[in-house]
Amino acid sequence: MDITQLRYFLKTAETLNYTRAAEGLFITRQSLRQALSNLEEEIGAPLFNNEKNHLSLTEYGEYLLFSATDVVGRFDAMTGELSRLASRQATLRVAFSVSLLTFLLPGLERIVKEFQDRFPHLSLEVRTLTADEVVDAALSGETDCGCVLQMPTQRPGCRVHVLKTYPVAVDVGDKLPLFGREAVTLRELAGVPLVGMGSLEKVAVPLWEDCRKEGIRLDYRVLPNAIDAFYHIQHSLCAGLDIYYPGEEADIPNTWGALLPGYTWELALLCPEASPSAHLARMFCRYLREEYLPRIEEGL
């Protein structure tokens, strides 16, 4: 079975007429019939019923119609992407959540430069957005790849490529009542002013849904700038959702990081499945996961 046979099958399934299908494919009717006969022989089942010169799909043909449409579509996307890459016309649009750049992904310029050096035929367009804007841009197809810190969430129409997983912490200033606790519950947070880098309904969906189910109302607001958020936490103006590092001192002076059991963060890439640069986005994901993040963790 090859891609040409599948194209022949799809055209015949579309027209349900050998002559019109052959004309549309610019081949002879005999060549089409032979290709379909070979395909049926390889599969071991008929693809078409032919009653009084009227074609219809068999159950095997119905199955192959959906499968082949997907395969041929992905094949065409792959070849188109390779062609654009070879002609230096391929572009990958990437958005990073600005809240990641200070601590989790320092040196954005280095990320871009090293990736461009590795793939000189690929143009990389990079933007820094708020966490909410990264999610919106990925879901709308405005970007090909969006990097964000989120709780595990299914995104219809997007592939979620997880780079790393972290426990969730609540950073508490020394003047707040939860200071010094090893762990806190979601209900205990209801009485504490709380900040995060993105809205709960977009980057903390599991937590947000649990609050709705349990009738818990959090005094929560978004501070996308990590420095501003840490300032408020340090001065006990609020608590903050953060990453939990067991056995390590808090990043912010005069604060304590308490575990929020049952929740995790994902450093993830959101990649729209319909993007023409979907495979390029996976290349970028692999670079971040296998080459960039290990060096960051080693302090290089």
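Points worth noting:
- Residue pairs whose Cβ atoms lie under 8 Å apart, sitting 6 or more positions apart in sequence or on different chains, and linking a residue in segment 3-30 that is on the phi > 0 side of the Ramachandran plot to a partner that is surrounded by fewer than 16 Cβ atoms within 10 Å (Cβ to Cβ) and not in a helix (DSSP H, G or I), are LEU16/HIS54; LEU16/SER56.
- Failed item in (1) of a type outside the set (Asp, Glu); (2) under 17 Å from THR165 (Cα atoms); (3) at pLDDT 85 or above, with THR185 passing the rest: (2)
- Meets criteria (farther than 22 Å from PHE96 by Cβ, open to solvent by 70 Å² or more (accessible area, probe 1.4 Å) and either under 20 Å from the mean Cα position of the chain (by Cα) or modelled with pLDDT under 95 (or both)) for PRO177: yes
- Residues that are more than 19 Å from MET197 (Cα to Cα), open to solvent by 20 Å² or more (accessible area, probe 1.4 Å) and of a type outside the set (Gly, Ala, Ser), drawn from segment 132-154: GLU142, GLN154
- Filtering segment 30-53 for residues that are open to solvent by 60 Å² or more (accessible area, probe 1.4 Å) and under 30 Å from PHE119 (Cα atoms) leaves an empty set.
- Residue selected from segment 204-216 under the condition open to solvent by 10 Å² or more (accessible area, probe 1.4 Å) and within 21 Å of the chain's Cα centre (by Cα), by the criterion farthest from THR185 (Cα to Cα): VAL205
Yes or no, residue by residue, for (1) in contact with a helix residue (DSSP H, G or I) (Cβ under 7 Å, 6 or more places away or on another chain); (2) open to solvent by 20 Å² or more (accessible area, probe 1.4 Å); (3) within 29 Å of ARG159 (Cβ to Cβ); (4) in a strand (DSSP E or B):
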residue	(1), (2), (3), (4)
VAL195	yes, no, no, yes
LYS202	yes, yes, yes, no
LEU218	yes, yes, no, no
ILE233	no, no, no, no
GLY240	yes, no, no, yes
TRP256	no, yes, no, yes
GLY262	no, yes, yes, yes
ALA268	no, no, yes, yes
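- Only one of GLY73, GLY24, GLY61 that is under 30 Å from PHE115 (Cβ atoms), open to solvent by less than 60 Å² (accessible area, probe 1.4 Å) and in a helix (DSSP H, G or I): GLY73
The values are calculated or read from the model by the stated rules, or taken from the named source; none is laboratory data. In this text the structure is predicted, and so the values were computed from the model without any measurement. Quick reminder, even Gly has a Cβ in these numbers, built from the backbone with ideal geometry, and neighbours come from all protein chains shown. Ligands, DNA and RNA are stripped out before the accessible areas are found, and what is left, the full protein with its side chains, is counted by its heavy atoms. Shrake-Rupley method; radii C 1.70, N 1.55, O 1.52, S 1.80 Å.
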